[in-house]
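The values are calculated or read from the model by the stated rules, or taken from the named source; none is laboratory data. Nothing here was measured: the structure is a model prediction, and the numbers come from that model. With ideal geometry, Cβ positions are generated from the backbone for all residues, glycine too; neighbour counts draw on all protein chains shown. The protein model used for the area step is the full one, side chains on, heavy atoms only, and it has no ligands, DNA or RNA in it. Shrake-Rupley method; radii C 1.70, N 1.55, O 1.52, S 1.80 Å.
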Amino acid sequence: MSKQHTKKQSSNAAKISTPSYSDSKIAFFFAAVYGIILLFIAFKYHTVGDYDVETDFFWSYVPEAKELLKGKFLIDDFRGPGYPIMLALMGAVVKNYFSAGIILSVLSASCVLFFSFSMLRKFFPANFAFLGTLLVAVNPTFVRYSYTAGTDMLFNVFSTAAVFFLLKEEERKWKWILSAAVFASFAYLTRYNGIFVLVGIPIAILLFNIYKLPWRNRILTTAVFFAVFVLVMSPWGIYCYHEKGSFFYNKNYINIAYEMY
């Protein structure tokens, strides 16, 4: 009887850790509904930029996006080119940069919810995963930045995607390692504090051994992750070195000094 109970528990655990196709549909539906609601609210009520984050949007991101469409890359002292590139692409379609920024944030927020539900579903039953994702969706800070024209939500989705692909399967699959590295690099190119992803993922692979690998394979996996990360961001690094004399050029130390002061 004890053995049967143990088998039943193991079976339930297997079901919990194996998301189904229907779970993906739930995640997609939830994300889509959230996106539609936020787009409606944003375009009805958020018609003028805020004094806080969106001052950077009008002073920095829009001019950089406009220059990008002219073929000129401006080097920001505090951020990479990820957001201006996405804004330029969206702006070329929408023809209004503020609307493009809002749409970019709402779409990113929807993707964050999709990835969040999918990750939670790997460790919890569907109802718990849904509840956890719902708590994220109704968080006032998350809602605010879901319609704010700025780097926050795009950075969030790149970081979340990197972790999502890292945890997508229990066994190491190179396509997911490569995907995690690409999105980690995108996060860094959007905001330089994305370097935490570059540090966190190797720790998960090496120290926590999430793929249950011997040390040799863990080191190899981490080396491949690093290599792809650097490969993706290297064109920008080379450009910064040519223009500013530093491969990892930025002046975020000024922000840190300001906050400390």
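Numbers for the structure displayed
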quantity: The chain: most fluctuating residue of V106, V232, V93 per GNM, C-alpha cutoff 10 Å; calculated: V93
quantity: The chain, accessible surface, carbon-and-sulfur percent (1.4 angstrom probe); calculated: 68
quantity: Correct choice for semi-axes √(5λ) of the Cα gyration tensor in Å that was computed from the model, options [x] 30, 22, 18; [y] 35, 26, 15; [z] 39, 30, 18; calculated: [y]
quantity: Cross-link pairs beyond the 30 Å C-alpha cut-off, checked among K25/K173; K66/K244; K72/K251; K70/K175; K44/K251; K44/K95; calculated: K70/K175; K44/K251
quantity: Accessible surface, the chain, averaged per residue in Å² (probe 1.4 Å); calculated: 57
quantity: Once exposed loop GluC sites (Glu not before Pro) are cut out (DSSP; at most 13 other Cβ, 10 Å), longest piece of the chain; calculated: 1-168
quantity: Part-to-part distance (alpha-carbon centres) for the stretch 131-149 and the stretch 156-199, which is given in Å; calculated: 21
quantity: Rounded to the nearest 20 debye, dipole of the chain from Cβ charges on Lys, Arg, Asp, Glu; calculated: 1260
quantity: Helix axis angle, 195-206 relative to the chain longest principal axis, alpha carbon, degrees; calculated: 20
